[in-house]
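Structure record follows, encoded as C-alpha cells.
Throughout, read-outs are computed from the coordinates displayed, never taken from laboratory work. In this text the structure is predicted, and so the values were computed from the model without any measurement. Positions of Cβ are backbone-derived with ideal geometry, glycine not excepted, and every protein chain shown enters the neighbour counts.
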C-alpha cells in the first residue's frame, strides 16, 4: 500500500484562486448601481434612438411620422397621419423609465385620456418640432426638443439649483 497523501499542486491552487477572483469581479460589477449621470445618458440615448426610428419610418415609407405622447401610460409612440395610405407599419414605442419624471408644464394642460402630438417627421427628412419637455432623474434634468433645421434631437443639460 502506498501511504503517500495526495496534495494539491500549485497549478490547481492558482486555478481555484483565479476562478474565485473572476467570480468576485463579475458579482461586484453586476451588483453595483449605475451612477445617476450614466442612467440619464442611457435614457436620453434611448429616446434619441426612438426619434431616429420615427424619422427613418417617415423616409422609408414616404409619409409623415407623428410622435405622440400618452401621459397616463408614460408612453411615446409613432403614428401615421389619418390620411395615410400605407398599412401595417412597424410599431415604434418608447416608455419613460421608472424613477424618471417628465415636466409636463411645457406640454400644456391635457385632459384625462388626451394624447399630445409632439413632433412630426416628414419623408424628406424635415421636421416640425413644436414641443419641448424636460426629463428629470434625481437632481439631473435634460430639456429635449427637435431641431426644425436638421430634424435631430437636441438635448440641453439643465442644472437643478
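Worth a mention:
- Relative to the current alpha-carbon distance between residue 41 and residue 28, full extension at 0.36 nm per residue lengthens the span by 2.5 nm.
- For region 38-100, the relative contact order is 29 percent, taking Cα pairs closer than 8 Å that sit 6 or more residues apart in sequence and dividing their mean separation by the residue count.
- Distance between the 7 Å Cα→Cβ label points at residue 70 and residue 139: 3.6 nm.
- Ranking of 140, 22 by count of other Cβ atoms within 10 Å, fewest first: 22, 140
- Modelled this way, with points 7 Å down the Cα-to-C-beta line, the labels at residue 83 and residue 98 are 4.5 nm from one another.
- Among beta bridges from DSSP that stay inside the chain, the antiparallel ones total about 100%.
- Averaging the sequence gap over all C-alpha pairs within less than 8 Å and six or more residues apart, then dividing by the number of residues, gives the chain a relative contact order of 19 percent.
- Order of 7, 57, 68 - criterion: other Cβ atoms within 10 Å of each residue's Cβ, fewest first: 7, 68, 57
- Spacing of the two label points (7 Å from each Cα toward its C-beta) at residue 150 and residue 91, in nm: 3.2 nm
- The chain, helix-only ellipticity at 222 nm - DSSP H runs n ≥ 4, -39,500 (n - 2.57), divided by all residues, nearest 500: -10500 deg cm²/dmol
- In the elastic network of the chain, a GNM with C-alpha springs shorter than 10 Å, the most mobile of 53, 75, 99 is 99.
- Tail fraction, Cα-Cα pairs, region 36-159, threshold 22 Å, whole percent: 33 percent
- Inter-centroid distance (Cα atoms) of region 28-69 relative to region 118-141, Å: 11 Å
- Taking the number of Cβ atoms within 10 Å of each Cβ as an exposure proxy, the fewest-first ranking of 67, 44, 95 is 95, 44, 67.
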